[in-house]
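A.B. asks: Quick one: the structure is below, and I'll ask about it shortly.
The values are calculated or read from the model by the stated rules, or taken from the named source; none is laboratory data. Note that this is a predicted model, so its numbers are computed, not measured. Every residue, glycine as well, gets a Cβ built from its backbone with ideal geometry; the counts of neighbours run over all protein chains shown. Heads up: the accessible areas ignore ligands, DNA and RNA and are worked out on the full protein's heavy atoms, side chains in. Shrake-Rupley method; radii C 1.70, N 1.55, O 1.52, S 1.80 Å.
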Amino acid sequence: MRQHQWAMAPMTPPSANSISQGQSAASVKPANTVGVGKHYMRYSSATVLVMLAGLISFPALTRLLDNTQYGILGYYDTWIMMTVAVIKLGAQHAILRLYPFGGDETRLTHFATNLVFLPMIISVALWSIGIIAFSSVAWWQGDTIQPVLWCAIISIPLLVFNSQVEMTLRVSERSRLLTTTKIASRWMELVIVLSAVVLIQRSALSVYVGKLLSMSVVVIFYARWVYQHLHFSRKSIDLTAYRASLHYSVPLVINEIAGAALVSIDRVMLKHMTGDFAAVGIYTIGYALAMQLGVLVNAPMWDAFNPVANRVHEVEGAAKVRALKAKVLLPATYACIGVAVAIWAIGSDGLQMLSGPGKAASGPVFAWVGTMFALVLLLDLSGYGLLLLKRSKTVLALMLLALAVNIGLNLIWIPAYGYMGAVYATVAGYMTLGISRCLLCPRDLFQGPDPRALATAIGGAAAFLVAVHFADLSAFHAPWQRVLAAGALWIACYALPVLLLDHRVWRLITHWRTEMSLGLGR
């Protein structure tokens, strides 16, 4: 209850000086609220365009960089992710959950000051202290900090700033601006990174230099938006409110660190248990493509669903949240199972088609992890509810459980199976997380997939796998031939039967605006 009281607490009016600058706290108010359907179409369209950039970047970089350089990227990306999670102190979670819907100018000023600006200042201070300590230790020991590591370090505060602003855009339901920026920034990064790798050096350092340049442009754009729309007032600084937000978000900080570790601790363990950056590279290539498709399936769904679910829960209660989840789970069931079975059947061939035969070892990594990412979304949607009730400590406990499963199995399976042991451990960790969320979700918020849709999707998936088995795709020599043949079988055995057997899917396709309109603001 403390966090809810924070949202309703009396606020201090903004200073006269800040109002005189022509900025208005009202400008942080939500855009005209729309339903999940429209947000989803915006986020999914953006994700497809971002994915197209990834489909250019991924094969280009996997062909230009060897496994060792790709392993260096994956190794340092792991530390970046975990460091960013630490110094944000969970501010993005507080922004999402404690946004004052329906707030007047003073409440919005209070929100921007204490949940956006103050956390940014603290994050930069923590990063600065860390840099001074790290540089001092390196100097004392006589070590030289490699340029690639410096690039990784410099990117951390830029990533923190972008994360804070993007969450503010998301919670205020400015999906059009956010998606436009994401598309432009991703394609800009693609051009700059590939130019650096081709024209300067085929190395991880060139990739990081290109990322830093493109990230800096986005930071400048977001800084301009912040100056125009978010309002800081010294009189509105409320340390009690900030501590209240930390009470909610700090468990989620540890949760985010654990989540980052769940994503990438395998790379660190592979490096230190095998001593081979090439093994890390093989794992990272397959995992990276799986993450690309995971983003395609997951990101637009959560970007659209989260703000609307929060609003519906606050205004209309648990029953409406379940109705919203039922609407979303119908297409998600067919999409997730369809994507999962396709990746399982032809994932290895798809990766070889993109990256070349020299990266064939990464194919099974992609098949396992990609299938898992597609299926775990159904578990996460069904079990979504703990954060709506601000049970962040329970969320943290479940993430730590999944991480413990992953690390424990890595210790057993990496020596036995090499990089595939890390794959099996990752899948086990994520499935543990998804199932436990469903088990502990409050019953009045739990909503499983529609039984008819689930049975139809499983039946279509089984028919597709049987068809692939008897088609003997190994008769085709080139990976692209096997992918095309399997794609035709997927359409015939999965997509068409789903459309014929469940008229609701066709109605969703043709009337998505009305079918997905639940969650509209009033």
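A.B. asks: Which number do you get for Rg(Cα) / (2.2 N^0.38 Å) in segment 185-259?
C.D. replies: Values: Rg = 18.9 Å, N = 75, 2.2 N^0.38 = 11.3 Å.
Dividing the Cα Rg of segment 185-259 by 2.2 N^0.38 Å gives 1.66.
A.B. asks: I want to check the label-to-label distance for W139 and R224. Put each point 7 Å from Cα in the C-beta direction and report it in nm to one decimal.
C.D. replies: Distance between the two pseudo-spin positions: 3.8 nm.
A.B. asks: Now a separate question. Which three lengths, in whole Å and largest first, does segment 302-361 cover when its Cα atoms are put on their principal axes?
C.D. replies: Here the Cα extents, ordered largest to smallest, are 55, 19, 13 Å.
A.B. asks: Carbon-plus-sulfur fraction of the accessible area of segment 225-360, 1.4 Å probe, in percent?
C.D. replies: Details: 2900 of 4560 Å².
With neighbouring chains kept in place, the figure for segment 225-360 is 64 percent.
A.B. asks: If you count, for each residue, the other Cβ atoms within 10 Å and average over each peptide, how do 339-350, 226-237 line up from highest to lowest? Working shown, then result.
C.D. replies: On the way: 339-350: 23.6, 226-237: 18.8.
Those peptides, ordered most packed to least, come out 339-350, 226-237.
A.B. asks: Once you order the gyration tensor axes a ≥ b ≥ c over the Cα atoms, which shape class does segment 375-463 get: rounded for a/c under 1.5, otherwise prolate or oblate by comparing a/b with b/c? Mind dumping the intermediate values first?
C.D. replies: Details: a/c = 4.21, a/b = 1.22, b/c = 3.43.
Here segment 375-463 falls in the oblate category.
A.B. asks: If you don't mind, there's one more thing I want to ask. Seen from all sides and averaged, what is the projected area of the convex hull of the Cα atoms in segment 319-475, in nm²? Mind showing how you got there, number by number?
C.D. replies: Values: hull surface 44.0 nm².
Taking a quarter of the hull surface, the average projection is 11.0 nm².
A.B. asks: So how far, in whole Å, is the C-alpha centre of segment 294-372 from the one of segment 185-232?
C.D. replies: 27
A.B. asks: Give me the base-10 log of I(q)/I(0) for segment 123-258 at each q in 0.12 Å⁻¹, Debye formula, one uniform scatterer per Cα, rounded to two decimals.
C.D. replies: For segment 123-258, the Cα-only Debye profile gives -0.68.
A.B. asks: Once the dipole of segment 147-281 is set up with Lys and Arg at +1 and Asp and Glu at -1 on Cβ about the Cα centre, which of V197, L212, I257 lies farthest towards its positive end?
C.D. replies: Toward the positive end, the furthest listed residue is L212.
A.B. asks: Which of the lysines could be linked to K88 by a straight reach, that is with a Cα gap under 24 Å, when you skip same-chain ones fewer than 8 residues away?
C.D. replies: In chain and number order, the partners are K29, K182, K211, K235, K390, K393.
A.B. asks: Ok, one more. Which semi-axes, in whole Å and largest first, does the equivalent ellipsoid of segment 124-197 have when worked out from the alpha carbon gyration tensor as the square roots of 5 times its eigenvalues?
C.D. replies: Working: eigenvalues 207, 73, 4 Å².
Semi-axis lengths for segment 124-197 are 32, 19, 4 Å.
A.B. asks: Turning to a different aspect of this structure: With a ≥ b ≥ c the root eigenvalues of the C-alpha gyration tensor of segment 198-346, is it rounded (a/c under 1.5), prolate (a/b larger than b/c) or oblate? Mind dumping the intermediate values first?
C.D. replies: Numbers: a/c = 1.82, a/b = 1.20, b/c = 1.52.
Cα axes put segment 198-346 in the oblate bin.
A.B. asks: Once you put a point 7 Å from the Cα of V124 and another 7 Å from the Cα of Q201, both along the Cβ direction, what distance in nm separates them?
C.D. replies: Label-label distance for V124 and Q201, simple model: 3.0 nm.
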